[in-house]
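The values are calculated or read from the model by the stated rules, or taken from the named source; none is laboratory data. Small disclaimer: the values here were computed from a predicted structure and weren't measured. Virtual Cβ from ideal backbone geometry, glycine too; neighbours counted across all protein chains shown.
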Amino acid sequence: MTEQLFTESPLDEAVAALRRDLLAPDGPQISTMRNYRFAILPYRPSEEFKLRQYIRRLTDELKAEGWGVLAISLQKLLLDRIRATGEANVAALIDREHVLYEKDPERALEHLRTKIAQHIEGHKGIASDVARLISEFADAHPDAADRTLILIGRAGALYPFFRTSALLKHIDGKTRNSPVVLLYPGERRDKSALSFMGELPADRDYRPRIYP
């Protein structure tokens, strides 16, 4: 009798498949469309630290092979956006949230959603920050499009204020044709449907390949 003692988890399989496709002999193969080089790597939110470990190893391996890797933290971009409104506004937002939470937690969350969304949604929101960082990185590595990887992570910080499908729409055509992988905390519900953080209704509005 032969039986596997150890089986790979979906995250193990996804990272291994991504690695194979990035290091393909003919260049990155994360998408079947030459001019749409996006991919999504979903993982359980509970595996956040495991994912970071795997991505750190992959990043080190790619850099050792002469790749340029840009890691973009959506959490940092969100915090930068909020802080840019000014200390007084941030303090007022926090105070108001505390007051509302005592009365109704759902109302407090809706208040935060309304106030924060206006700073991060649309083509002038966080998507514009992502596009700018990618463009700056591409300018610094003009001859390395096929040996460049853009990793967009810490997407959980956007929950429940922003959908990642909207982010990909807004940066489409602004990535300088570099391979872009969105690290997606959530659940895959079928071939093309993803539930952000495993909490929101499944979103089928995704064109990129979903790993594995």
Discussion item. Can you say whether Thr148 is under 27 Å from Thr114 (Cβ atoms) and either aliphatic (A, V, I, L, M) or in contact with a helix residue (DSSP H, G or I) (Cβ under 9 Å, 6 or more places away or on another chain) (or both), as far as the supplied structure shows?
Written reply: no
Return yes when Arg57 is closer than 21 Å to Ala17 by Cβ and either modelled with pLDDT under 90 or within 22 Å of the chain's Cα centre (by Cα) (or both) and no when it is not. yes
Sole miss for Ser195 among (1) touching a residue at least 60 places away in the same chain (Cβ under 8 Å); (2) under 21 Å from Ala117 (Cβ atoms); (3) assigned to a strand (DSSP E or B) is condition (1)
Within the stretch 152-165, the residues that are of a type outside the set (D, E, K, R), within 23 Å of Gly68 (Cβ to Cβ) and either in contact with a helix residue (DSSP H, G or I) (Cβ under 6 Å, 6 or more places away or on another chain) or surrounded by fewer than 19 Cβ atoms within 10 Å (Cβ to Cβ) (or both) are Ala155
task = Answer with yes or no whether Ala17 is farther than 14 Å from Ile150 by Cβ and at pLDDT 85 or above.
result = yes
Those residues of the stretch 40-60 that are surrounded by 14 or more Cβ atoms within 10 Å (Cβ to Cβ) and closer than 16 Å to Arg147 by Cα come to a total of 2
Practice item. Could you check, for the stretch 76-91, whether at least one of its residues is within 30 Å of Leu23 (Cα to Cα), surrounded by 12 or more Cβ atoms within 10 Å (Cβ to Cβ) and either under 16 Å from the mean Cα position of the chain (by Cα) or among the basic types (Lys, Arg) (or both)? Key: yes
**Q.** Residue within the stretch 166-173 that is surrounded by fewer than 16 Cβ atoms within 10 Å (Cβ to Cβ), aliphatic (A, V, I, L, M) and more than 21 Å from Arg56 (Cα to Cα) present
**A.** no
Going through the stretch 164-176 in order, the residues found to be modelled with pLDDT of 85 or more and either outside any loop (DSSP other than H, G, I, E, B) or not β-branched (Val, Ile, Thr) (or both) are Leu167, Leu168, Lys169, His170, Ile171, Asp172, Gly173, Lys174, Arg176
For the stretch 129-155, pairs from a residue that is free of Cβ contacts under 8 Å to residues at least 40 places away in the same chain to a residue that is of a type in the set (Gly, Ala, Ser) and in a helix (DSSP H, G or I), with Cβ under 8 Å and 6 or more apart or across chains, are Ala145/Ala138
